[in-house]
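The values are calculated or read from the model by the stated rules, or taken from the named source; none is laboratory data. Computed from a predicted structure; not experimentally measured. Here the Cβ is made from the backbone with ideal geometry for all residues, glycine too, and neighbour counts use every protein chain on show. Quick note on the areas: whole protein, heavy atoms, side chains included, nothing else; ligands and nucleic acids left out. Shrake-Rupley method; radii C 1.70, N 1.55, O 1.52, S 1.80 Å.
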Amino acid sequence: AWGPLEAMESDMALHLASDILEDHFGGAVERVGTVLLRRGALSVQEIMRFTTEQTDRMSQEPLRFQHVRNALLTLVQHGLVTVKPHPQAANSGDDLRKMMQVYSMDVEDVIIRLRFPKFVEYCFVSYGDIAAELLMTTLKFGGVTAEFAVAETKRAITNVSNDEVHQDFWKLVDKRLICPAEPCTGARGLALACGSASPAPPIAACAASSSSSVAAASPPPLMDSNGSRLGNGAKRKRSPLNDDDESEEGQASTQVVAMSTPLQDGVQEAQDQVVKPFGAPQQAELAPVFRFNRPVLDLCVRKNMICRLVEERVNSHAAQVVATLLTGVQPRHGGGRGVDVAFMKFQQINGLMNELGFHQAGRDPERQKDKLFKVLDLLAAHKDGLVKRRSLQSSAPPISDGGGSRPLRRGAAAPTSALQQPQGELVSEWCLDWQRARKLLVDAATSQLIRDQFGIAGLRMFNLLSEANPPQRLEEWQIFSICMVPPAEGREALNEMVRRAIVNWQEVPRNSSLPLVASYWLYYVDHRRLESALVWNVLQAILNLRVRFRQEMANGAALESRAGSLTKREKHMLRAGRRVEDILERSYLVLDAGLLVFKEF
């Protein structure tokens with residue numbers, strides 16, 4: 001069946017990716033990127049040939065080798081292009097042919113750039129303004145060394161010491177929000193790359209957790225006693241990346257050209273430097289280059305969405321319990337799709353609640369434990385609950401917290417004061433049901449999209465056709481009658497849903513002799529095609545909003561250029577235009593959450 005993965009490879013997704021490339025990097029990079037997205041892996045010569053074929057001679061100039069080379073270096077710098085040896089290079093006897101490379105792009109790597117504001121917001125809320133600025137620098141320049149990221153952060157945030165910036169940088173590395181790029185040179189970069197394959201440390205969805213290994217992982221700090229850390233400052237305007245920003249892009253390129261240039265001899269030299277012992281003489285060691293860690297950041301955004309849904313539908317305390325259980329959800333060890341979910345005992349959950357600050361200070365600990373047990377039982381007992389519960393034989397010696405622990409009998413309620421059960425008794429463990437959590441997000445996003453596009457009446461009809469067990473195929477008069485929708489309004493919404501492939505219809509002839517107009521027409525929802533249709537609609541909506549946003553900015557450019565000398569009527573027009581721009585920009589950034597929800601994880 002045609003699913004969300006195929007929808008991300010559709011023509012609409014390619015149009016959106018091309019629009020993002022042109023907006024972020026300029027026309028030359030957009031033309032090279034579009035060729036790679038549409039034609040797959042290509043060599044430099046093939047890229048030049050296909051870009052020349054697609055050039056509009058009336059309005060565009062053909063790209064020269066320097067343009068294609070610089071565009072590829074920019075895309076490699078930002079991790080958008082994958083470089084591999086040419087298939088014919090291994091069997092060739094020519095030394096020049098052995099150095100041939102093929103370049104390829106993934107459309108998801110481009111569209112994810114719409115999610116950068118969410119990444120920075122999460123980092124700002126969880127780890128503070130310095131960490132958010134460090135992540136923003138990494139996202140802006142694609143790949144950065146530690147010293148370059150620290151220098152850029154100090155330029156943006158004044159009155160902050162090198163020690164504080166270095167500690168926040170290595171905290172982000174410890175939390176795996178940023179990671180060493182490949183290939184990584186230097187002993188420290190190799191150790192970090194090897195360490196990134198281990199299970200990730202807990203990442204709370206709604207609260208920042210302190211890191212105890214920052215001091216051990218960080219290099220010797222550069223002391224600067226002239227400044228102190230700032231609090232949450234005013235919002236800083238950031239200029240988008242484009243072809244004209246040559247100074248900043250040139251600085252970043254000089255930092256990472258040795259790491260990003262796809263030359264086999266450079267990679268081999270870097271590997272030779274890494275395996276040398278520390279005491280052996282060797283050349284100057286290249287600093288490791290760091291990029292943002294896409295799987296971890298995507299998982300953090302999903303965790304936040306799950307907690308917000310639980311808070312809206314249950315209460316804030318249930319959301320805090322779910323946030324605590326989400327610390328046991330980490331990206332799958334060894335890479336690939338999916339996550340690893342860990343079960344937790346009650347004492348672990350209670351301890352994490354204390355660490356994250358979810359238990360109120362001064363309250364009776366026993367009453368807080370009782371409340372925590374009730375929430376865990378409620379989330380685990382519901383048929384659509386987000387929590388799994390299992391009982392295991394305890395092998396640990398009995399340890400009590402002084403409150404009179406008692407054994408947990410099969411089928412009995414959990415004790416309210418036991419931190420650990422006596423040996424041989426049943427011990428309950430809880431974890432988050434990740435599949436049900438994903439279903440919760442998908443159902444919530446689907447309902448929101450249907451309601452926004454087709455109104456309350458459309459949502460009623462969709463729920464009738466999709467939630468019935470077994471699934472129903474009904475005529476329109478039955479749908480209008482059950483949903484209590486006027487026929488004129490219902491027919492308009494139903495036909496629009498059919499046109500957008502949200503609802504399907506089937507013809508059932510009364511008999512073989514009557515014409516088609518006398519047939520039964522039954523409406524139904526095909527869940528296998530529903531998500532792909534919704535993804536396609538979201539992609540189209542994002543592209544339309546971005547085009548409208550740029551048009552509104554062009555309309556207000558004349559007023560923005562002379563904002564200090566406007567009349568009263570022109571000031572009103574300028575404020576109205578800015579309000580429209582804010583609404584449009586926020587709309588397509590929010591819609592990107594739909595792409596993240598429907599993507600398999």
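Odds and ends about this structure:
- Added length on full extension, which subtracts the Cα-Cα distance from 0.36 nm per residue, Glu121 to Glu182: 19.3 nm
- In the context of the full set of protein chains, segment 461-601 has a per residue accessible area of 60 Å² (1.4 Å probe).
- Straightening the chain between Thr55 and Gln347 buys 98.6 nm, computed as 0.36 nm per residue apart minus the Cα-Cα spacing.
- Residues whose amide H falls under 5 Å from that of Gln101, counting only those 5 or more places apart or on a different chain, are Val44, His86, with hydrogens built in the peptide plane.
- Among residues other than Ser519 with Cβ under 15 Å from its Cβ, the summed charge is -1 (Lys and Arg +1, Asp and Glu -1).
- Hull shadow area, averaged, segment 436-528 [alpha-carbon convex hull, nm²]: 6.8
- Carbon-plus-sulfur accessible fraction, segment 498-549 (probe radius 1.4 Å, protein heavy atoms only): 54%.
- Heavy atoms of the protein chains alone define the surface here; on that basis segment 327-393 has 60 Å² accessible area per residue at 1.4 Å probe size.
- Convex hull volume per residue, computed on the Cα atoms of segment 459-601, equals 170 Å³.
- Legend: residues Glu489, Glu476, sorted from most to least accessible area (1.4 Å probe; ligands, DNA and RNA excluded), read Glu489, Glu476.
- Globularity index of segment 531-594, i.e. its alpha-carbon radius of gyration over 2.2 N^0.38 Å: 1.40
- Annotation: peptides 547-557, 103-113, ranked by per-residue average of other Cβ atoms within 10 Å with the highest first, follow the order 103-113, 547-557.
- Contact order relative to length of segment 118-189, as percent, for alpha carbon pairs under 8 angstrom and 6 or more apart: 25
- Computed over segment 475-514, Kirkwood Rh from alpha-carbon pairs, angstrom: 11.4
- Here Trp477 and Ser565 are evaluated by their C-beta separation; at R0 = 60 Å the FRET efficiency comes out at 0.40.
- In terms of Cα atoms, the Rg and Dmax of segment 342-385 work out to 11.3, 35 Å.
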